[in-house]
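First comes the structure, then the notes that go with it.
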Amino acid sequence: MSSALPTTHQALKVPEVMEALGLSRFKVYDLIRSRELPSITIGRARRIPADSLRTFMETKLEEAA
């Protein structure tokens, strides 16, 4: 499975996730709030582990099949 994720990043910023999924900032934060997309907070910075994003995308693909 190819992805548009940066391969050097282990944790992505919200704008990177927005671009990878083609979603708005509101929708990404909605996924985080609903715990569909796991994230971590470091100080005031919100990061989404790249593995969590891959798992999220695989789960959505399986649900759509």
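The values are calculated or read from the model by the stated rules, or taken from the named source; none is laboratory data. Predicted model only: the values in this text are computed from it and were never measured. Cβ: placed from backbone, ideal geometry, glycine included. Neighbour counts: every protein chain shown. Accessible surface areas use protein heavy atoms only, side chains included; no ligands, DNA or RNA. Shrake-Rupley method; radii C 1.70, N 1.55, O 1.52, S 1.80 Å.
Considering the stretch 14-65 alone, what residues qualify as being in a helix (DSSP H, G or I) and β-branched (Val, Ile, Thr)?
Of all residues in the stretch 14-65, those in a helix (DSSP H, G or I) come to 14-21, 25-33, 50-64.
If the condition is that a residue be in a helix (DSSP H, G or I) and β-branched (Val, Ile, Thr), then Val14, Val17, Val28, Ile32, Thr55, Thr59 are the ones that fit.
When both residues are 6+ apart or on different chains and their Cβ atoms are under 8 Å apart, which pairs have a first residue that lies in the stretch 29-40 and is free of Cβ contacts under 8 Å to residues at least 60 places away in the same chain and open to solvent by 50 Å² or more (accessible area, probe 1.4 Å), and a second that is part of a loop (DSSP other than H, G, I, E, B) and charged (D, E, K, R)?
Pairs that qualify, where the first residue is free of Cβ contacts under 8 Å to residues at least 60 places away in the same chain and open to solvent by 50 Å² or more (accessible area, probe 1.4 Å) and the partner is part of a loop (DSSP other than H, G, I, E, B) and charged (D, E, K, R): there are none.
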